[in-house]
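Data first, discussion second: the structure below is written as structure tokens.
The values are calculated or read from the model by the stated rules, or taken from the named source; none is laboratory data. Because the structure is a prediction, the values reported are computed rather than measured. Surface accessibility is based on the protein's heavy atoms, side chains included, excluding ligands, DNA and RNA. Shrake-Rupley method; radii C 1.70, N 1.55, O 1.52, S 1.80 Å.
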Amino acid sequence: MENEYLVKEATRQQRIMELKKYLTEYLSLKSPEQANEIKFLGVEKLSGNHREQYDFLADQRLADVQIAIIPDDLWVKGNQPSESDAKNNLILFKESAFNKEDAVAWLTHELAHCQRLKDTDLERHTKDSDAGYPDNEVERHAFAKQFEFLKSKGITKEQILKMLGEWYHDEELEFLGGLL
């Protein structure tokens, strides 16, 4: 039993080293040491609102997803609080956004991207993603799951659109309203 744990932990640490190397390049970090500022969290360690979102999807295939919590000064996605890198079973979160309650359910959205890839294959996922933002099958799936979670919490369509207004333009909000 202990040996099994040690093997699992060694595998996890190896994966995190690989992800740090990948993120050093992806985030255009000035040095590999900056990657050491990134915290990694497996979905099994989520708590509170984040755990609720993971549990809502009820998909064991997501158990190997890692969340990279990126310090705000290293974040490159502007005001977007999160990003999915489904092919790497990775979700990137801006640290300040991750550390407060995720009222908009960004984690559900990003996990749904990972879920969608597991439902198809990389070639199809990439083709569907490249069909235009946000009107493509990958985003439709992610937003649908996000909205399902929010509705399950009693949040209305109007409240959801108001929350999303901080991140999306009017034409995108019109499209998203159609999904609701």
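Structure summary
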item	result
Helix 137-152 axis, angle to the chain major axis (alpha carbon atoms, nearest 10°)	80
For region 20-76: accessible area per residue (Å², 1.4 Å)	54
Residue-normalised accessible area of region 118-180, given per residue in Å² at a 1.4 Å probe	61
Using alpha carbons only: equivalent-ellipsoid semi-axes of the chain, gyration tensor based, whole Å	28, 19, 17
Percent carbon-and-sulfur accessible area, the chain, ignoring ligands, DNA and RNA, probe 1.4 Å	49
Rounded tilt (10° steps) of 2-26 against the dominant C-alpha axis of the chain	60
